[in-house]
Amino acid sequence: MRDRAEIYDLAVIGGGINGAGIARDAAGRGLSVLLVEQGDLAGATSSASTKLIHGGLRYLEHHAFRLVREALAEREVLLRAAPHIIWPLRFVLPHHAGLRPRWLIRLGLFLYDHLGGRRILPPTRSLDLRRAPEGTALKPEFTRGFAYADCWVEDARLVVLNARDAADRGARVCVRTRCMRAAREGAVWRLELAGETSGEARARALVNATGPWVAEFLAGAVRAAAPAKVRLVKGSHIVVRRLWDGPHCYIFQNADRRICFAIPYEDDFTLIGTTDLDVTGDPAAVAIGADEVAYLCTAVSAYLREPVRPEHVVWSYAGVRPLYDDGATKAQEATRDYVLALDAPAGAAPLLSVFGGKITTYRRLAEAALARLRPHLPMRGAWTAAAPLPGGDFPHDGAPALVARLVAAHPWLAPATARRLVRQFGTQSFALLEGAAGPETPLVADLAPREVRWMIEREWARTPDDILWRRTKLGLRATAAERAALAAFMGAHHEAPGARAAE
């Protein structure tokens with residue numbers, strides 16, 4: 001840690017999307033920032049999403065117009081900021097005659113088109129699924145539908161890039177580090193840290209962005225009562241082999257009035273989700289249940305010509321959404337909006353706790369958090385709305401041109417690998433490959449040793465899972481031998497003289 005005489009302006013506990021986003025925004029406003037994460041960046045909720053930047057079409061039914069408007073506007077802000085890890089998707093919504101009437105869906109999609117000031121994404125249009133290629137994979141009784149646009153996001157990489165940008169602007173990022181105790185000493189917080197980074201740190205303000213652990217952190221480390229209730233809701237997803245040709249996605253209505261997404265995933269697979277189940281206990285211990293697998297298979301099989309069965313699942317994951325408890329009867333009806341609770345007694349260091357939120361609105365949440373702290377910390381104004389994330393300094397539709405440039409600069413690079421590199425690192429792919437004279441023997445699939453070194457040294461990767469399931473999704477393709485080779489390489493890198501990960 002720094003010299004104990006030095007005091008950070010802001011300590012952020014929690015390295016999910018909200019914590020990383022707040023740390024980035026604060027560092028860019030000239031504040032000295034400490035970001036502390038007990039595991040890996042995006043190691044919990046933020047890597048277990050449906051991986052969408054979207055307005056939340058179904059939230060219109062709950063009259064959450066402010067949330068939907070904010071989220072819709074953010075789609076294009078984030079698309080411009082990170083076009084390497086965020087890109088448009090086209091969703092097909094088949095009309096189910098026994099559920100919501102067509103006029104209601106059309107009205108909802110009209111609002112969806114116009115609430116957020118859409119400029120880049122295309123408008124909604126109607127589809128005759130008997131003739132449109134999007135109807136080929138569907139049962140013949142689904143004859144009409146709609147197509148609308150939202151965006152995809154590599155969720156864990158979004159977190160990593162926010163942390164990387166925060167660090168590039170002077171923040172200290174500590175992973176695999178737990179804040180054991182946070183105590184006020186007048187106008188300063190004293191933190192006790194244990195793990196990869198241990199010792200004490202001090203900060204003028206503290207943000208509790210621990211997600212599902214928000215109440216636990218308050219009760220344990222801070223020894224204070226939670227100012228609001230958090231509702232823990234499990235969302236689970238399954239991955240199967242690719243179910244249809246074409247880049248389009250589906251959004252299916254279910255008889256329980258929930259919706260289910262089916263999205264092309266990692267070229268050869270389809271991602272299906274999600275569920276909404278109230279849970280208790282340790283958020284780190286959640287796993288998908290057999291009943292959830294059956295539910296998701298049944299939901300999509302009601303629409304697809306070829307049914308999906310549990311034995312088709314090649315991978316699954318579950319995460320816990322830390323929703324603000326607004327008293328909704330059902331988990332699916334609980335608000336996805338965020339609540340910021342500020343505890344700032346006169347003359348005492350402030351504490352801001354984050355309840356709820358969704359990945360699409362993380363940047364706006366960070367702005368709101370800094371606005372709440374502005375009376376307590378001298379800082380510059382908001383800046384992230386027009387600032388690209390690392391590697392995202394190219395046009396929102398410029399990924400294909402960037403791939404071509406990368407292949408032209410490195411003719412030995414396979415086009416598929418060049419595309420993957422651009423989709424992970426954007427313009428930083430050129431820095432990654434600087435000095436490379438030819439291909440290296442890959443460790444997993446086409447993952448080269450230089451990429452692994454980059455992720456260790458600049459992206460805080462510590463274990464094979466950090467790389468296989470969060471920095472990339474190559475875990476879907478890795479053999480046991482490749483996993484072992486990756487683990488051995490990472491172990492040797494950490495033991496090498498002078499090896500040091502980025503801070």
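The values are calculated or read from the model by the stated rules, or taken from the named source; none is laboratory data. Remember, predicted model here, so these are calculated numbers, not experimental data. Backbone-built Cβ (ideal geometry, glycine too); neighbour counts: all protein chains shown. Ligands, DNA and RNA are excluded from the accessible area calculation, which covers all protein heavy atoms including side chains. Shrake-Rupley method; radii C 1.70, N 1.55, O 1.52, S 1.80 Å.
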Distance in nm between Phe110 and His493 label points, each 7 Å along Cα→Cβ, equals 5.4 nm
Relative packing of 218-231, 63-76, which averages over residues the other C-beta atoms within 10 Å, highest first: 63-76, 218-231
Taking the Cα centre of the chain as the origin and placing charges on Cβ (Lys, Arg +1; Asp, Glu -1), which of Pro140, Thr45, Val354 is farthest toward the positive end of the dipole? Pro140
Net length gained if the chain between Glu311 and Trp412 were fully extended (0.36 nm per residue, minus Cα distance): 32.4 nm
In deg cm²/dmol, rounded to the nearest 500, the helical mean residue ellipticity at 222 nm of the chain, built from -39500 (n - 2.57) for every DSSP H run of length 4 or more, is -8500 deg cm²/dmol
Surface per residue (accessible, 1.4 Å probe) for region 372-503, Å²: 46 Å²
Carbon and sulfur atoms account, in whole percent of the 1.4 Å probe accessible area of the chain, for 54 percent
Can you give me the accessible area per residue for region 7-95, using a 1.4 Å probe, in Å²? 22 Å²
Prolate/oblate/rounded call for region 260-404, Cα gyration tensor, a/c under 1.5 rounded: oblate
Karplus-derived 3J(HN,Hα) from phi for region 214-231 (6.51 cos²θ - 1.76 cosθ + 1.60, θ = phi - 60°), whole Hz, x at Gly and Pro, runs 4, 6, 4, 5, 4, 6, x, 6, 8, 6, 9, 6, 6, x, 8, 8, 10, 10
Selected from Thr197, Val33, Ala344, residue furthest toward positive end of dipole (the chain; charges at beta carbon): Ala344
Could you rank Asp276, Asp282, Asp25, Asp245 by how accessible they are, 1.4 Å probe, largest area first? Asp245, Asp282, Asp276, Asp25
According to the Cα gyration tensor, what semi-axes, each the square root of 5 times an eigenvalue, does the equivalent ellipsoid of region 249-322 have, listed from largest to smallest in whole Å? 22, 15, 12
Ranked packing of 438-448, 316-326, most packed first, by mean Cβ within 10 Å: 316-326, 438-448
Considering only protein heavy atoms, what per residue accessible area in square angstrom results for region 165-277 with a 1.4 angstrom probe? 36 Å²
Percentage relative contact order, the chain, counting C-alpha pairs under 8 Å, at least six apart: 19 percent
Taking θ as phi - 60°, what are the ³J(HN,Hα) couplings along region 30-47 by the Karplus curve (6.51, -1.76, 1.60), each to the nearest whole Hz, with x for Gly and Pro? x, 8, 7, 10, 10, 10, 10, 10, 6, x, 8, 3, 6, x, 10, 4, 6, 10
Under a point-charge model restricted to the Cβ atoms of Lys and Arg (+1) and Asp and Glu (-1), what is the dipole moment magnitude of region 353-471 relative to its Cα centre, in debye to the nearest 20? 520 debye
Just give me a number: lysine pairs in the chain, eight or more positions apart or cross-chain, with C-alpha atoms less than 19 Å apart. 8
Any number yet on Rg/Rh for region 359-411, C-alpha, Kirkwood? 1.23
Highest mean first, what order results for 398-406, 93-101, 148-156 on Cβ atoms within 10 Å? 148-156, 398-406, 93-101
